[in-house]
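Data first, discussion second: the structure below is written as structure tokens.
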Amino acid sequence: MGQVGERIQASIEQQRHHRTAAAAGTLGGRNISGRRRAPARLVARPQDRRRTGQESALTRLGRHFRGDRSMALLRDRAYETILHDIISGALGPGDRISERAIATRLAISTMPVKDALRRLENEGFVTAVPRQGVFVSDTAITSVQDVVVTRAALEGLAARLTAARWAAGHVTGVERSAYTDVVRTMTQLADTGDLDRVVEANSRFHVTVRRLSANRPIIQFVGVLLGVDAAMRRHVLSDRSEFALGLREHLGVHEAIVAGDEDLAEQRMRSHILRSAHDSASRAS
């Protein structure tokens, strides 16, 4: 072809390359003028915008539920605090309850305190007097005693049913292992003096016995009474001597359950609850 032909062919190829690059708008990462092109702006597609909107909605929903849960925890805390004061005798019949004082004491707003007082009023522990305030009901102690008697009967029955299911082999190996762990933890914590952890361990023991009974009505009915139960358990266990006595009674219930002795399991559980409530009332007076 010769040198002239080769130069003509190279020129044609170069022009073809420039035309291709111009059509694409770039030339080696630069525009035709030789300047580096700006990065393309990303435009969200409709489906991307919808996905982003869904994620935002889910995020908002998550915050909403977390907020509700936090408010519920504050309400429960205020409820148990006020009820504990009633059970312990710090608040007596006819005493006025200051929403602001409770809120300040717990470092929370007055809203969960108001909600707690409404619940206590529905349960008969306090009375709201228009333009005067909220007062401890004259029948508050009677209401507590009624709850104790009811709970003792239901939890005694739960222990009976659990012992029967244990003897019949209806409690699975996994359930037996979990129950044994609860008893072991409760025993180990009794000597620590850690009130919060002892209260939690005691509560877990009762909850586990109820669950093993596999009786849904008992679980549901006792669930309604748990606020009073929590307040009373904390008051009872505030006396260190109760650690050892309560543990001994719990272990007695445990022994009856694993032995499959229905009558003894029921009797021991009922006696334990009534005895601890009686001691709590005695200390309050």
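What about residue 248, is it over 23 Å from residue 169 (Cβ atoms) and basic (Lys, Arg)? Against the criterion (over 23 Å from residue 169 (Cβ atoms) and basic (Lys, Arg)), residue 248 qualifies.
For (1) surrounded by 15 or more Cβ atoms within 10 Å (Cβ to Cβ); (2) modelled with pLDDT of 90 or more; (3) not acidic (Asp, Glu), each residue gets a yes or a no:
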{"position": "208", "(1), (2), (3)": "yes, yes, yes"}
{"position": "232", "(1), (2), (3)": "yes, no, yes"}
{"position": "241", "(1), (2), (3)": "no, no, yes"}
{"position": "256", "(1), (2), (3)": "yes, yes, yes"}
{"position": "264", "(1), (2), (3)": "yes, yes, yes"}
{"position": "270", "(1), (2), (3)": "yes, yes, yes"}
{"position": "274", "(1), (2), (3)": "yes, yes, yes"}
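Residue 124 falls short on exactly one of the conditions (1) within 27 Å of the chain's Cα centre (by Cα); (2) assigned to a helix (DSSP H, G or I), and that condition is (2). Within region 210-230, restricting attention to residues that are among the charged types (D, E, K, R) and without any contact (Cβ under 8 Å) to a residue 12 or more places away in the chain, which residue is surrounded by the most Cβ atoms within 10 Å (Cβ to Cβ)? Applying the filter and picking the extreme gives 211.
Check region 236-254 and report whether any residue there is assigned to a helix (DSSP H, G or I), free of Cβ contacts under 8 Å to residues at least 24 places away in the same chain and of a type in the set (Ser, Thr, Tyr). Yes, that holds for at least one residue. Where residues in region 149-179 are polar (S, T, N, Q) and in a helix (DSSP H, G or I), which of them is surrounded by the fewest Cβ atoms within 10 Å (Cβ to Cβ)? Filtering region 149-179 for residues that are polar (S, T, N, Q) and in a helix (DSSP H, G or I), the one surrounded by the fewest Cβ atoms within 10 Å (Cβ to Cβ) comes out as 177. Comparison of 187, 192, 172, 150 shows that the only residue that is in the same structural domain as residue 279 (by TED's automatic domain parsing), farther than 18 Å from residue 207 by Cα and either within 25 Å of the chain's Cα centre (by Cα) or without any contact (Cβ under 8 Å) to a residue 24 or more places away in the chain (or both) is 192.
The values are calculated or read from the model by the stated rules, or taken from the named source; none is laboratory data. The model shown is predicted, which means the values in this text are computed figures rather than measured ones. As a convention, Cβ positions derive from the backbone with ideal geometry for all residues, glycine included, and neighbour counts pool all protein chains shown.
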